[in-house]
Structure formats: C-alpha cells, structure tokens
Amino acid sequence: MPPPQLPLWLVSTLGWSGTILIFSAFLFKDRFPKKLLAIMNITGSVLFGISLVARQSYEGLFLQVAWIIVAIGDYRRAMKAPASAGS
C-alpha cells in the first residue's frame, strides 16, 4: 500500500518554511547565537526535506541530509563552547 500523500499546500508550506529558516540562519549568522543558528538549520533542513520526499526529489534530499549532519556538528560545538564566546 503506498504511503498517504500530503496536500500540495502543505508540501509547499513546509518547503518554504524550511527555506526561510535556512536562509535566515545564513543572513543573521553574525547576530544570532550559534546554538540558535544550528537549530534553525536543522529544523529548516528537516522541513525542506519532508517537502522533497513528498515531491520525490531525492537529489535535494541528499543535500538536506548532509546539511543536517553539518548543523548537528555545529550545534555540538556550540554546546561545548564557553557561554561568553558568542553562543
């Protein structure tokens, strides 16, 4: 039995939300704490990845998985950094 399909409006909303989060993290990289930027990147990549799966765009999904791995590494480094180091 095939998996249920998400409505197109939901797929688009998830994709755009993820895109906006990732782009915002890039734009505000000098203003936001590193932990928040990593969370924005992880969340944005997951949302965008869901929309890519729904559209069966697996090339883009591969890129989002790689972005999530990088962002998790950034988050872990931010957790280890002293609080006064621009966290």
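Largest accessible area first, the residues Tyr75, Tyr58 order themselves as Tyr58, Tyr75 under a 1.4 Å probe with ligands, DNA and RNA left out. Counting only heavy atoms of the protein chains and using a 1.4 Å probe, Val53 has close to 70 Å² of accessible surface. The heavy atoms of Arg55 present about 130 square angstrom of accessible area, all protein chains included, probe 1.4 Å. Contact order for the chain, expressed relative to its length and based on alpha carbon pairs under 8 Å spaced 6+ residues apart, stands at 32 percent.
For the chain, what ratio Rg/Rh do Cα atoms give with a Kirkwood hydrodynamic radius? Taking Rh as the inverse mean 1/r over Cα pairs, Rg/Rh reads 1.08.
Between Lys80 and Lys29, the contour length at 0.36 nm per residue exceeds the Cα-Cα span by 16.5 nm.
Sorting Met79, Met40 by accessible area puts them as Met79, Met40; the probe is 1.4 Å, largest comes first, and only protein heavy atoms count. Between 0 and 90 degrees, the angle of helix 34-54 with respect to the longest Cα principal axis of the chain falls at about 10 degrees. Against the chain, whose longest principal axis comes from its Cα atoms, helix 58-80 is set at around 20 degrees. When the helices of the chain are scored as -39500 (n - 2.57) per DSSP H run of n ≥ 4 and the total is divided over every residue, the value at 222 nm lands at -25500 deg cm²/dmol. So what is the accessible area of the chain per residue, in Å², with the probe set to 1.4 Å? Per-residue value: 73 Å².
If the segment from Leu6 to Phe62 were pulled out straight at 0.36 nm per residue, it would be longer than the present Cα-Cα gap by 18.1 nm.
At a 1.4 Å probe, what is the % contribution of carbon and sulfur to the accessible area of the chain? Before the final figure, lay out each step's value.
Values: 4500 of 6390 Å².
C and S atoms contribute 70 percent here.
The values are calculated or read from the model by the stated rules, or taken from the named source; none is laboratory data. Owing to the predicted nature of the structure, the values given are computational and were not obtained by experimental measurement. Remember, those area values only see protein heavy atoms, side chains included, never the ligands or the DNA or RNA. Shrake-Rupley method; radii C 1.70, N 1.55, O 1.52, S 1.80 Å.
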